[in-house]
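The values are calculated or read from the model by the stated rules, or taken from the named source; none is laboratory data. Since the model is a prediction, treat every value here as computed from it, not as a measurement. All Cβ positions, even for glycine, are placed from backbone atoms using ideal geometry, and neighbour counts span all protein chains on display. The area values use the complete protein model at the heavy-atom level, side chains included, leaving out ligands, DNA and RNA. Shrake-Rupley method; radii C 1.70, N 1.55, O 1.52, S 1.80 Å.
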Amino acid sequence: MNEVERAVEAALFAAEAPMTAEEISRHLGGADLGDALETLAAHYAGRGVELVQRGDRWHFQTAPDLAHLLRREREDVRRLSRAATEALAIIAYHEPVSRAEIEAIRGVQTAKGTLDVLMEAGWIKVAGRREGPGRPTIYATTPAFLAHFGLESRRDLPGIEELRAAGLLDPVEAVFAGQMDDEADSASELDESA
């Protein structure tokens with residue numbers, strides 16, 4: 001292991017948050033990193049601690065298959081509301097996106113608190129303002145979103161066929177048929193009571 005790789009390793013080990021290659025280089029006085037990050041990632045591959053890239057940021061993490069050994073207490077899982085889950089999915093797949101665009105896709109209004117919860121979790125951020133009437137705020141996902149869900153980039157998000165195969169999407173025809181059956185049942189109950 002050369003001196004640059006050792007310095008990169010030390011900087012990442014002591015970092016409070018994941019760092020980009022540019023941030024690491026600046027931290028090391030403008031050092032040329034060359035292929036130090038890739039070499040270190042290969043060195044740590046398969047070990048108890050791995051060097052991983054999430055988006056454009058690098059950090060050390062416990063190997064996923066050993067994470068259970070480090071848990072001392074059961075984490076208090078905070079579940080996202082359905083509205084927050086839908087908004088997060090829309091932002092992830094359509095970013096950058098405005099609140100109006102989120103509402104148009106969802107078909108209902110989105111409470112401000114919904115986006116606040118996602119920003120507090122560190123999964124979305126304000127990405128600026130859209131050029132146009134009213135200059136609406138637009139939102140995008142963060143490196144913390146990628147890290148939390150174990151994604152290198154948004155390209156790793158599952159496609160529609162993968163979601164359908166996992167049973168996470170109901171075929172539109174089945175949903176429509178179910179709604180039509182419910183309406184027919186309601187209509188026949190009204191006819192019988194009259």
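Among the residues in region 107-124, are any part of a helix (DSSP H, G or I), open to solvent by 40 Å² or more (accessible area, probe 1.4 Å) and in contact (Cβ under 8 Å) with a residue 40 or more places away in the chain?
no
Out of Ala41, Ala45, Ala63, Ala15, which single residue is within 18 Å of Pro143 (Cα to Cα) and among the aliphatic types (A, V, I, L, M)?
The unique qualifying residue is Ala15.
Look at Ala42 and say whether it is over 21 Å from Ala127 (Cβ atoms) and under 20 Å from the mean Cα position of the chain (by Cα).
No: the conditions fail for Ala42.
Taking region 27-72, which residues are open to solvent by 80 Å² or more (accessible area, probe 1.4 Å), free of Cβ contacts under 8 Å to residues at least 12 places away in the same chain and farther than 24 Å from Glu3 by Cα?
Once the filter is applied, which keeps residues that are open to solvent by 80 Å² or more (accessible area, probe 1.4 Å), free of Cβ contacts under 8 Å to residues at least 12 places away in the same chain and farther than 24 Å from Glu3 by Cα, region 27-72 yields Asp65, His68, Leu69, Leu70, Arg71, Arg72.
Determine if region 78-96 includes at least one residue that is over 20 Å from the mean Cα position of the chain (by Cα) and farther than 27 Å from Glu22 by Cβ.
No, the conditions are met nowhere in region 78-96.
Please enumerate the residues belonging to region 125-167 that are of a type in the set (A, V, I, L, M, F, W, C), in contact with a helix residue (DSSP H, G or I) (Cβ under 9 Å, 6 or more places away or on another chain) and assigned to a helix (DSSP H, G or I).
Hits for region 125-167 are Phe145, Leu146.
Where the second residue is of a type in the set (Gly, Ala, Ser) and not in a helix (DSSP H, G or I) and the first is over 19 Å from Ala41 (Cα atoms) and open to solvent by 50 Å² or more (accessible area, probe 1.4 Å) and lies in region 140-158, which pairs have Cβ atoms under 7 Å and are six or more apart or on separate chains?
Here the result reads none, with nothing in region 140-158 linked to a residue that is of a type in the set (Gly, Ala, Ser) and not in a helix (DSSP H, G or I).
If I go through region 1-21 residue by residue, how many of them are in a helix (DSSP H, G or I) and loosely packed, with under 11 Cβ neighbours inside 10 Å?
2
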